[in-house]
Amino acid sequence: MKRTLTALIVKFVMTFVAAWVAVTLVADQEWTWALLGAFLGTAVNYLVGDAFILPNYGNITASVADGILGAGLLFLLDLMSADLRLTATAYLTFGLLVAIGEYFFHRYLIDARIVEKRT
């Protein structure tokens, strides 16, 4: 349980940095939107990417899926808010940064035996 909590904290920090770069630096929006995007991205990517896709399909597939899912979640957040205005560059930046970070994060999950590969 402690290792899973540590992994979630690391994942959140990594996702927040990616969201901060995309939302604050690229799209010039408030950092609080990056925080909200990081919470959503961490939760959904952990449940879908780390718990299901990674053990069944491997690291590269899970990393790409996490990047696409993260960008999609950021897009949905943008659609639901009248105050948030992101650009395609922000979505792409976030998706790429998440996918790259997740590749290394997944290696950690597998090496630490937090997630067991089934393939």
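Quick note: the coordinates plus some simple rules give every number you see, no bench work behind them. This structure is a prediction, so every number in the text was calculated from the model and none was measured. FYI the Cβ positions are ideal-geometry reconstructions off the backbone, even for glycines, and counts take in every protein chain you see.
A simple count of charges around ASN45, restricted to other residues whose Cβ falls under 9 Å of its Cβ and scoring Lys, Arg +1 and Asp, Glu -1, yields -2. Which part of the stretch 43-76 falls in the paramagnetic zone of ARG118, meaning amide N under 15 Å from the point 7 Å along Cα-to-beta-carbon? Under 15 Å, as judged by backbone N against the label point of ARG118, lie 47-59, 62 of the stretch 43-76.
What stretch of the chain, leaving out the sites themselves, is the longest with no trypsin sites (Lys or Arg not before Pro) in a DSSP loop having at most 10 other Cβ atoms within 10 Å? It runs 1-112. When only the Cβ of Lys, Arg, Asp and Glu is charged (+1, +1, -1, -1), the dipole of the chain relative to its Cα centre reaches about 520 debye.
Among residues other than ARG85 with Cβ under 15 Å from its Cβ, the summed charge is -4 (Lys and Arg +1, Asp and Glu -1). Round to the nearest 10 and give me the degree value, 0 to 90, for the angle of helix 59-80's Cα axis relative to the longest principal axis of the chain. Helix 59-80 and the main axis of the chain meet at about 30 degrees. Against the main long axis of the alpha-carbon atoms of the chain, helix 31-45 sits at an angle near 30°. By the helix-only formula, in which each DSSP H run with n ≥ 4 contributes -39500 (n - 2.57) and the sum is divided by residues, the chain has a 222 nm mean residue ellipticity of -23500 deg cm²/dmol. According to the calculation over all Cα-Cα pairs in the chain, the P(r) per 10 Å bin from zero is 16, 49, 26, 9, 0 %.
For ALA27, what charge total do you get from the other residues with a beta carbon under 11 Å from its beta carbon, if Lys and Arg give +1 and Asp and Glu give -1? Net charge in that neighbourhood comes out at -2. Computed on the stretch 2-111, with alpha-carbon pairs under 8 angstrom and 6+ residues apart, the relative contact order is 32 percent.
Give the angle, between 0 and 90 degrees and rounded to the nearest 10, that separates the Cα long axis of helix 2-19 from the longest principal axis of the Cα atoms of the chain. Result, in degrees: 30. Build a GNM of the chain with springs between Cα atoms under 10 Å apart, and of ASP83, ASP50, ASP28 the one that fluctuates most is ASP83.
For VAL17 and TRP31, the difference between the fully extended length at 0.36 nm per residue and the C-alpha to C-alpha distance is 4.0 nm.
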